1. From Val92, Val48, Val96, which residue is in contact (Cβ under 8 Å) with a residue 24 or more places away in the chain and touching a Leu at 6+ places or on another chain (Cβ under 7 Å)?
2. Of the residues that sit in region 124-141 and are farther than 19 Å from His3 by Cβ and over 12 Å from the mean Cα position of the chain (by Cα), which one is surrounded by the most Cβ atoms within 10 Å (Cβ to Cβ)?
3. For region 55-86, name all the residues that are within 14 Å of the chain's Cα centre (by Cα), surrounded by fewer than 19 Cβ atoms within 10 Å (Cβ to Cβ) and closer than 27 Å to Pro117 by Cα.
4. Would you mind telling me which numbered condition in (1) closer than 19 Å to Phe38 by Cβ; (2) surrounded by fewer than 11 Cβ atoms within 10 Å (Cβ to Cβ) Arg100 fails?
5. So Arg69 fits all but one of (1) in contact with a helix residue (DSSP H, G or I) (Cβ under 9 Å, 6 or more places away or on another chain); (2) within 27 Å of Arg122 (Cβ to Cβ); (3) touching a residue at least 24 places away in the same chain (Cβ under 8 Å); what number is the exception?
6. So, in region 26-54, exactly how many residues are of a type in the set (A, V, I, L, M, F, W, C) and surrounded by fewer than 17 Cβ atoms within 10 Å (Cβ to Cβ)?
7. Without any contact (Cβ under 8 Å) to a residue 24 or more places away in the chain, within 16 Å of the chain's Cα centre (by Cα) and either surrounded by 10 or more Cβ atoms within 10 Å (Cβ to Cβ) or under 20 Å from Val48 (Cα atoms) (or both) - does that describe any residue in region 107-123?
8. Within region 25-37, how many residues are touching a residue at least 60 places away in the same chain (Cβ under 8 Å) and in a loop (DSSP other than H, G, I, E, B)?
Amino acid sequence: MQHILNFYRYNSAVRKKYLDAIEKLPWQEIVKDRGASFHSIRDVFLHVLDAYRYWFEYGIKDNLKDYHRIDRASFKGVDDMRRYEQQVDSAVMTLVEGLREEDLSRVYVIHYHDEAPHVRERTMETILIHMIEEELQHRGEINCMLWQQDVDPPVTGYHEWLDERAAQN
């Protein structure tokens, strides 16, 4: 559990560094369709936050029928993105920091209400690990979109983050 918690703390801290880097770009470059999975830097970044909501606000409560993606186009600046990140991050970290080792094996029954309704069972551990992978995958996409603009992304390795934390304590 401690490794998972550390990875969530790592992703939370690094996500904020990305917002700081993104904020330095002109807005038209942030929303430009770059052919990524969710088109633009803004949309990929917001997709990750939406995925957290999908799993932790709706999925584990078996309430996907009420889930709706945010309207990404309603985000008109990095300040909007930052506020949403703080809201989602606060909810996710409250949940994750409240988990105990025995919670990892808890099974959630999730009813999907898409074009082919079905039911799946997922453990908390599976959901937690999936979201670590989800964020890292899309962070790589954002890196590529930044490189397309000759901007170095604020890549922070896990070991570097651990060193930063140790220096702060």
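1. Val96
2. Ranking the qualifying residues of region 124-141, first place goes to Glu141.
3. Selection gives Glu57, Arg69, Ile70.
4. Arg100 satisfies all of (1) closer than 19 Å to Phe38 by Cβ; (2) surrounded by fewer than 11 Cβ atoms within 10 Å (Cβ to Cβ) except (1).
5. Among (1) in contact with a helix residue (DSSP H, G or I) (Cβ under 9 Å, 6 or more places away or on another chain); (2) within 27 Å of Arg122 (Cβ to Cβ); (3) touching a residue at least 24 places away in the same chain (Cβ under 8 Å), Arg69 violates only (3).
6. 1
7. no
8. Total satisfying the criteria: 3.
Each value in this text was obtained by applying a stated rule to the coordinates, not by laboratory testing. Predicted model, so just to flag it, every value in this text is computed and none were measured. We place every Cβ from the backbone using ideal geometry, glycine too, and count neighbours over all the protein chains shown.
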